[in-house]
Every structure is written in structure tokens, then in C-alpha cells.
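Let me begin by presenting the structure, written as C-alpha cells, before commenting on it.
The values are calculated or read from the model by the stated rules, or taken from the named source; none is laboratory data. Quick caveat, the model's predicted, so the values are computed rather than measured. With ideal geometry, Cβ positions are generated from the backbone for all residues, glycine too; neighbour counts draw on all protein chains shown. Each accessible area value is taken on the protein alone, full model and side chains, heavy atoms only, with ligands, DNA and RNA left out. Shrake-Rupley method; radii C 1.70, N 1.55, O 1.52, S 1.80 Å.
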Amino acid sequence: MSRFDDCYKIIRKLEGGYTGDNGIDGDSGGPTMGGITQSSYDNWRESGGQSVQPVKFIAEDEIREIYSDYWRDCKASYLIPPLDLLVFDCAINSGPKRAIKLLQNCLGVTADGIFGSVSFNALHEEINCLGVEHLCELYLQERQWWYMEIVRRNASQRKFLNGWMNRLDHLRLYV
């Protein structure tokens, strides 16, 4: 079993099922299924030459393929466990670019959302100096800060804060 498979199983359990035809009240993502928003699903289907359909009808193999795209886009295969899981989970929850930016903040490099050689070198330096567990905790703290910043910018998002914090607490079990 690949590391993607291991991480996929963990995150699928965290993401759950369908949010409903109107999404979760106040959630800007709208209707979702397994963490896939309607707009992401539409884009994915259209890019594959398929017609759009409601996300509630997404098949498990489609979720897996979309997650695979997120795994690739957030460069999780370049990361060592359990950092790969944390960054991949963030990519599913907040988008691959945001996941990389938060990691770059932890590494002290320009947070441009592009995981290039500067980020890669800083990653290895950080792990060699402080260890992967320390970097994982920094990353979880950075995610926590990001969620707090979302609420600071838009108080209506406070209703999601406990769920976001619970998610981070669950992920700490893997560090």
C-alpha cells in the first residue's frame, strides 16, 4: 500500500459525506461530498470532457482521483511521514496552494504557494535541525492560526472553528 493510500483513508474518514443541497449554512464552499466542493467537482469533470452533475452523485473512484490530484499539487510525495498527511489534509481542506503557503511560513521562506527548490532545501534543513515532529507541530500551529485568521476576517465562520480545531487534534494522533 502506498503512502497516498494510507493518507487517503485517514482523510476520507475526516471528511465524511454530503453536506446537503444548500451546503452548510454560511459555508462559502457550498455543497460538498467527501470534502469535494461542487465547483471543484465541476472543474474536474469539465477538464476530463464530462458534463457536470451534482456533487452528491460523485463516485468514490472520482473522489480518489481528485484527492490524487491534490496529493500531487501539494507535493505530498516529497514530504516525509507524518508531514505528508498534514499537508495533504490541509490541501483537501483549504486547497493545495494554501497548504504549501502554510508550510512555507513554517520554513521561513517566501509563502508563494509554489514548492520549489528553495522550499525543498529549507524543508530538509528544518527536518535535519529540529526533526519532523517539531515541524509537524509548527505546521499544525500554523493551520490553527490560519483558521483563527479566517474567523477574525469573517465572524460568521466562527461556527466552524470547533470542527477545525477537532480536525487538528485528530491529526495530532498521527504525529
Could you tell me the number of lysine pairs in the chain with C-alpha atoms less than 23 Å from each other, where the two lysines are 8 or more residues apart or belong to different chains?
9
How long is the gain from Arg72 to Arg172 if the chain were fully straight, where each residue apart is worth 0.36 nm and the alpha carbon distance is subtracted?
33.7 nm
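Report the gain in length on full extension from Arg158 to Glu125: 0.36 nm times residue separation, minus Cα-Cα distance, nm rounded to one decimal. Display every interim value, and only then the final one.
Numbers: separation 33, 0.36 × 33 = 11.88 nm, distance 3.61 nm.
Length gained between Arg158 and Glu125: 8.3 nm.
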Compute the long axis of helix 96-107 from its Cα atoms, compare it with the longest principal axis of the Cα atoms of the chain, and write down the angle in degrees, 0 to 90, nearest 10.
20
Probe radius 1.4 Å, ligands and nucleic acids ignored: give me the carbon and sulfur share of the accessible area of region 1-135 as a rounded percent.
49
So, with points 7 Å from each Cα along the Cβ direction, the Glu133-Arg64 label distance in nm works out to 3.4
Taking the mean number of other Cβ atoms within 10 Å as a proxy for protection, how do you rank 70-82, 52-64 from highest to lowest?
70-82, 52-64
